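*Asks:* Provided herewith is a single structure, encoded as structure tokens, for subsequent inquiry.
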Amino acid sequence: MKIVIGCDHGALELKKEVLKVLAEFKDIETEDVGTFDTESVDYPDIAEKVCGKITKGEADRGIVLCGTGIGISIAANKIKGIRAALCGDVFSARMSREHNDANVLAMGGRVTGFGPAGEIVRTWVTTEFSQGERHIRRIEKMMALENK
């Protein structure tokens, strides 16, 4: 699995920790699209970089990070084909994959500690979509909203 990751200046330290967690998995390849320093950047630009890799088929999933995770998750969800889930706990991370087949995980660097973030990421990358009929139906309805 290939995961592309990106953050704004408010989540640079969290991104470094998330990359360490992803390195635990031998079957996960990562691509870091920035930012790489604390100079201010706009999180919609980072969301576009990460999600563009997914929609072009260059990555399977993505992780986006900003100060709270809110802005970057909203930006990511504006991109056709993206189902970004802002997760601050393990249960939400698991459900975002099992029920919603989330292809992007969002977290906040100023609100999520490194320990909890690590567990969220581990859960999110190892949880598969349940493929249940009701979940597929709901995802199809969700994605159809992009065309309205």
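*Asks:* How do the peptides 110-117, 94-101, 70-77 rank, highest first, by the average count of neighbouring beta carbon atoms within 10 Å per residue?
*Replies:* Put in order of decreasing packing, that is 70-77, 94-101, 110-117.
*Asks:* Enter the per residue convex hull volume of the chain, computed from alpha-carbon coordinates, in Å³ rounded to the nearest integer.
*Replies:* 94
*Asks:* Follow-up. Please list, in chain and number order, the residues 5+ apart from ILE5 or on another chain whose amide H is under 5 Å from its amide H, with Hs placed from the backbone.
*Replies:* GLU31, ASP32, VAL33, ILE63
*Asks:* Can you give me the orientation-averaged projected area of the convex hull built on the Cα atoms of the stretch 14-58, in nm²?
*Replies:* Taking the Cα atoms of the stretch 14-58, their convex hull projects to 3.6 nm² on average.
*Asks:* Charges only on Cβ, +1 for Lys and Arg, -1 for Asp and Glu: so what's the dipole of the chain about the Cα centre, in debye to the nearest 20?
*Replies:* 560
*Asks:* Related question: Got the relative contact order for the chain handy, in percent, Cα pairs under 8 Å and 6 or more residues apart?
*Replies:* Reported relative contact order: 24 percent.
*Asks:* Let me confirm the definition first: pairs of Lys residues in the stretch 2-147, 8 or more apart or on different chains, C-alpha distance under 23 Å. How many are there?
*Replies:* Total qualifying Lys-Lys pairs in the stretch 2-147 comes to 29.
Here, each number is a calculation from the coordinates, and none is a lab measurement. Since this is a predicted model, take the numbers as computed values, not measurements. Don't worry about glycine lacking a Cβ; one is built from the backbone with ideal geometry, like all the others, and counts go over all protein chains shown.
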